[in-house]
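The values are calculated or read from the model by the stated rules, or taken from the named source; none is laboratory data. Note that the coordinates shown come from a computational prediction; the quantities given were computed from them, not determined experimentally. We place every Cβ from the backbone using ideal geometry, glycine too, and count neighbours over all the protein chains shown.
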Amino acid sequence: MLTGLAANDTNAIETIYRENFATIRSFIIKNNGFPDDAYDIFQEAMIVLFEKAKSGSFNLSCQLQTYLYSICRRLWLKKLQKQNRYNPSIETIEEIVPVEDEMELHEKKDKDFLLMEGALKKIGEPCKSLLEAFYMEKKSMPEIASAFGYTNADNAKTQKYKCLVRLKKLFFAQYKNKE
Amino acid sequence: MDENLLLDAIERYRSGQMDEAEKLFFEELRKNNADIDQVVSEHSFFLDQLENLSEQKSFRQNLKGVENKLRGEGVFSENDGQRKSKVVYLWNRYRRTIAVAAAIAGLISFTTATVISKYSENKKAAVITPLVDNKLNQFEHKLNQIEHKLNDATALPVKPKFEANFRATGFLADGSGYIITNAHVVQNAKNIIVENKKGDQFSAQPIYSNTVTDLAILKITDTAFKKVNGLPYTFPKTTAELAEPIFTLGYPREEVVYGEGYLSAKSGYYGDTASYQISISVNPGNSGGPVIDKDGEVIGIISSKETNADGVVFAIKSKNIYTALKEIKKDKDITIKLPTVNSLRDLDRVKQIKKLEDFVFKVKGN
């Protein structure tokens, strides 16, 4: 299942949802939340799991349910704190495992992603679409050339490098600021 | 070394496109030149970031698709849970405020009741117009004819030659060729033709038409039609919220036209609870077009607008589609499968439209 998850497999995701979401949902609702909060939190937890599964070095030492529950619990506590709705008597009936490392890693990654997304926004069009087409949608250079109206693939490639260098500059400028 | 060349080399190295000799040379170069090594690790880190971001994005989209699907199936007994907890929660927090507010609301409703009733008397005179374009003018006919000729010359399937006297919009409910439109669009039509963005025309026949809800479902009967996959939108069973931003695609002209607006009331003409009132600019020809929210869910189908008022448009609620499908299943034993995975969420509007365009059809006939 975790391999399926790492490969972004819809079936694996659906199974995990079906088996675990109800527990998380009732936990969130019991602790001052709305069902929609449960969807948000669960999604975030799935992303943590996804990153873990992708890293390959992940050995689940407890049940998946427990693991997800622990992560959701941390995420929810955090959200409550942020909104000044902290509820000291937060209910914990299920067993939990420590997930501090995951949380830390996840937060760092989130920050990096924000940086990258910010940088992508800043470089403007057509650079943004061009880079997205190549690096995210994995389109080939000839395809990109015709979609963006470049005369040939080499031309598109040159453009892409120009864009990439700009993006890199922006990204690292911010990245080093943060450090 | 040229920087572009170096970057190119790094990318090929990472994706395993280098042959052994080149790889060795590259690794050697890295070892011997600290500057290059620096660039390589920096660029690798950067590309990792970019790739991770893209992977996470597609994963997120997949997640939302699954979530929507399960929500649509009502796996988590959405309704009672949501209602109860929300009410209890809000009640506990705002008990006192509610009491005060209720008192004030009582007073206000008392004073405004008279004013409103006065207005509604006038409103009885209002008429609603269906949004089918019956007056396709001469000029468009000519254009059509020319278009037909051109199409006939280039495309293989023989297209029925006929003069349409109405034009409206429809969209796919099922990739195997079921199209949703309005009942008033097709009720008097002898021949119906649907046309996609590319201009391919297919003959179609109504298999369901309900003049009360104004919902009709057509089946593309043309053998030239090939099943299409990946309908990007889903159909919620729940009622959309006031003020939700919405948009539509339709054929008030020969070309597809985009329009956006918002949900202005949860009921339609004369309090009709089967439809919404929306505020959007539409014209004859928009009838049967999908009303889509920002997440790419089809919340309704455009049907009519109030003649005497500007921007008062009515749309049939999407849950009526489910009722229609049940009836079709019962009467004709045809199973229509609505799409369950939404791939429009989190895309910007331009991309959403690009994905949508192929599934919105022009409905013509005479």
Consider B:N62 carefully, then state whether it is assigned to a helix (DSSP H, G or I) and in contact (Cβ under 8 Å) with a residue 60 or more places away in the chain. no
Looking only at residues that are within 15 Å of B:L7 (Cβ to Cβ) and under 31 Å from the mean Cα position of the chain (by Cα) in segment A:143-158, which one is farthest from the other protein chains (Cβ to nearest Cβ)? A:A156
List the number of the failed condition for B:N342; all other conditions in (1) buried (at least 19 other Cβ atoms within 10 Å of the Cβ); (2) away from chain A (no Cβ under 14 Å) hold. (2)
Based on what the data block shows, is B:I302 more than 14 Å from chain A (Cβ to nearest Cβ) and either outside any loop (DSSP other than H, G, I, E, B) or surrounded by 24 or more Cβ atoms within 10 Å (Cβ to Cβ) (or both)? yes
Considering only segment B:318-327, I want to know if a residue exists there that is of a type outside the set (A, V, I, L, M) and free of Cβ contacts under 8 Å to residues at least 60 places away in the same chain. yes
Screening B:D331, B:D310 for residues that are at pLDDT below 90 and in a helix (DSSP H, G or I) leaves only B:D331
Does A:Y161 meet the test of being under 18 Å from B:E3 (Cβ atoms), surrounded by 14 or more Cβ atoms within 10 Å (Cβ to Cβ) and of a type in the set (F, W, Y)? yes
Look at B:V257 and say whether it is surrounded by fewer than 24 Cβ atoms within 10 Å (Cβ to Cβ) and outside the structural domain of B:P206 (by TED's automatic domain parsing). yes
Hey, does segment A:38-55 have a residue that's buried (at least 19 other Cβ atoms within 10 Å of the Cβ), more than 16 Å from the chain's Cα centre (by Cα), farther than 20 Å from A:E104 by Cα and not polar (S, T, N, Q)? yes
